[in-house]
Amino acid sequence: MEEPASKLIRLFDACYEDVLRYTARRVDLDTARDVTAETFLIAWRKRSVVPQADEDALPWLYGVARRVLANEKRRERRSERLVARIAADRRDRDAATVPDPGDHVAGALALTQALQALSPADQEVLQLLGWEELTVRQAAVVLGCTPATMAVRAFRAKRRFLAVLAERRLLAASDPAPAGKGKE
């Protein structure tokens with residue numbers, strides 16, 4: 001049996017780039033590096049519960065990274081609220097203005113905008129299956145649900161995404177409908 005420390009070193013070497021890509025698709029690269037480092041720190045602390053099989057370890061790491069990202073996003077929202085409150089106080093005192101943090105999003109691509117029109121849960125499902133190229137079973141591990149539940153979530157998320165694309169006229173009428181075909 002492999003020693004936990006050497007298993008984690010091997011796991012780090014094998015999965016670091018995948019976890020970094022996963023996080024970099026969701027936040028800026030510097031934050032992604034921090035989140036990835038935190039993910040492997042948590043894996044080290046919880047090395048006794050890291051799945052032994054390599055094919056199960058990456059989805060487990062994605063699940064850890066997902067929770068670290070959620071914590072990071074909560075921290076960012078708190079910081080943004082604090083900055084807004086400080087700016088409002090300052091504006092009251094010296095008429096200073098704070099730039100809108102959403103201005104940088106103006107140049108987003110149409111598909112990204114369509115994806116963002118979906119709920120965060122639908123976005124995560126589609127990102128796990130599309131960007132991370134996980135199977136339904138692996139994505140179920142990340143989200144902490146059964147493969148059957150994940151398959152239903154995937155079908156519904158795909159259907160809603162295609163509806164948004166059609167509504168925005170980004171999906172041609174000749175494109176196939178999501179009639180349950182493909183890898184669910």
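Laboratory data are not the source of any read-out in this text; all were calculated from the coordinates shown. Note that the structure is predicted; figures quoted are calculated from it, not measured. Because the Cβ atoms are built from the backbone with ideal geometry, glycine has one as well, and the counts that use them run over all protein chains shown.
Structural remarks
- Listed values for segment 29-34 are Karplus-derived 3J(HN,Hα) couplings in whole Hz (6.51 cos²θ - 1.76 cosθ + 1.60, θ = phi - 60°), namely 4, 4, 5, 4, 5, 5, and x replaces Gly and Pro.
- Take 46-59, 20-33 and order them by the average number of nearby Cβ atoms within 10 Å per residue, most first; the result is 20-33, 46-59.
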